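Take a look at the structure set out below.
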Amino acid sequence: MMIAQPNPVSQPKLSEQFHRCFEVIPANTPELKNIVYRIRYEVYCLETGFEDPRNFPDGLERDEYDDHALHALLRHRSSGEYAGCVRLITDRLGYQDRLLFPFERFAGNSLRRNIIDPATLPRGSFGEISRLAVRSQFRRRANEQLEPGGNDLDIDVDKLQQEARRRVFPHIALGLYLAGAALAITHGMTGAFVMMEPRLARHMQRYGIIFRPAGEVVEYHGLRGPFYISAQSLHKHLKPELRGILDTITAAMEMRPYHAQPFSQFAL
């Protein structure tokens, strides 16, 4: 007699897990932007030492690109804490002078213009994803403490079930990259550049996020190179389990467009 085997407990989809644990909030008020700058001060100044904290006596890490950028926060639903932030630098917010993006400033001489030449693209058609930061209590491993965004992009469902408060979702950095992409998509851009480590770009290919090398590796807070991803490529290659996350983030941004949003207390 055959003994019926119990059905394994079905796991919620990755997009459902993400939506259950986190929400992406456009940081479009002075109060929310200050939360972004405070997280960046925490990560880039106090933890990694990439920036000198003496340059930011108010505890808010800012630079000349922030007035040209769209910002997003990732909030952990159950605790109310903000897990991280990302920005998309643009050249379409009404400024008269042409903006030189960070990848152009720091890697301009190394750009492979035969692959993609930003000088031939309409300036408002692309942005640059940058200043991605994940707060230390949301990074899982000790060796991630010197990487502002964390470097672990692997899915761990068991860890997801075990952690009840902070380290619930090991895909935070990936979610923030998708938030940066969603900022570009919802503002009608066709692509985005980013300065990143080549190994991270290779790692993200497994999820269908294909960053094309746009130049040679240079010294920029470590060895990083300019990469480019188009919205068309993202939609074409993104793995189905991550497409749901991008759709969830994009829908949230469309429901809460980039104008005044309610201010939530920044929980430490």
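The values are calculated or read from the model by the stated rules, or taken from the named source; none is laboratory data. Computed from a predicted model, the values in this text were never measured in an experiment. A quick note on method: Cβ atoms are made from the backbone with ideal geometry, for glycine too, and the neighbour counts reach across all protein chains shown. Accessible surface areas use protein heavy atoms only, side chains included; no ligands, DNA or RNA. Shrake-Rupley method; radii C 1.70, N 1.55, O 1.52, S 1.80 Å.
Scan segment 18-31 and tell me whether some residue there is open to solvent by less than 80 Å² (accessible area, probe 1.4 Å), more than 26 Å from Gly244 (Cβ to Cβ) and modelled with pLDDT of 95 or more. No: segment 18-31 contains no residue that is open to solvent by less than 80 Å² (accessible area, probe 1.4 Å), more than 26 Å from Gly244 (Cβ to Cβ) and modelled with pLDDT of 95 or more.
Taking the stated definitions as given, is Ile209 open to solvent by less than 80 Å² (accessible area, probe 1.4 Å), outside any helix (DSSP H, G or I) and either aliphatic (A, V, I, L, M) or modelled with pLDDT of 85 or more (or both)? For Ile209, the condition - open to solvent by less than 80 Å² (accessible area, probe 1.4 Å), outside any helix (DSSP H, G or I) and either aliphatic (A, V, I, L, M) or modelled with pLDDT of 85 or more (or both) - is met. Would you confirm whether or not segment 238-254 contains a residue that is modelled with pLDDT of 90 or more, under 22 Å from Phe106 (Cα atoms) and outside any helix (DSSP H, G or I)? Among the residues of segment 238-254, not one is modelled with pLDDT of 90 or more, under 22 Å from Phe106 (Cα atoms) and outside any helix (DSSP H, G or I), which makes the answer no. Residues that are at pLDDT below 90 and within 26 Å of Met196 (Cβ to Cβ): does segment 43-66 have at least one? Within segment 43-66 (the criterion being at pLDDT below 90 and within 26 Å of Met196 (Cβ to Cβ)), the answer is no, since none of the residues qualifies.
Residues in segment 43-61 that are acidic (Asp, Glu), closer than 19 Å to Val86 by Cβ and without any contact (Cβ under 8 Å) to a residue 24 or more places away in the chain: Glu51 only.
Do you know which of the residues in segment 38-64 that are outside any loop (DSSP other than H, G, I, E, B) and acidic (Asp, Glu) is nearest to His221 (Cα to Cα)? Per the stated criteria, the residue is Glu47. Just one of the listed residues (Val217, Val194) is surrounded by fewer than 18 Cβ atoms within 10 Å (Cβ to Cβ), among the hydrophobic types (A, V, I, L, M, F, W, C) and under 20 Å from Phe103 (Cβ atoms), and it is Val217.
For Leu200, indicate whether it is over 15 Å from the mean Cα position of the chain (by Cα), closer than 25 Å to His76 by Cα and buried (at least 18 other Cβ atoms within 10 Å of the Cβ). Here the answer is no, as Leu200 does not meet what is asked. Going residue by residue through segment 72-81, is there one that turns out to be charged (D, E, K, R), in a loop (DSSP other than H, G, I, E, B) and touching a helix residue (DSSP H, G or I) at 6+ places or on another chain (Cβ under 7 Å)? Within segment 72-81, one or more residues are charged (D, E, K, R), in a loop (DSSP other than H, G, I, E, B) and touching a helix residue (DSSP H, G or I) at 6+ places or on another chain (Cβ under 7 Å).
Per-residue answers, yes or no, for (1) more than 25 Å from Ile172 (Cα to Cα); (2) of a type in the set (Ser, Thr, Tyr):
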| position | (1), (2) |
| --- | --- |
| Asp52 | yes, no |
| His68 | no, no |
| Leu74 | no, no |
| Ser78 | no, yes |
| Val86 | no, no |
| Glu104 | yes, no |
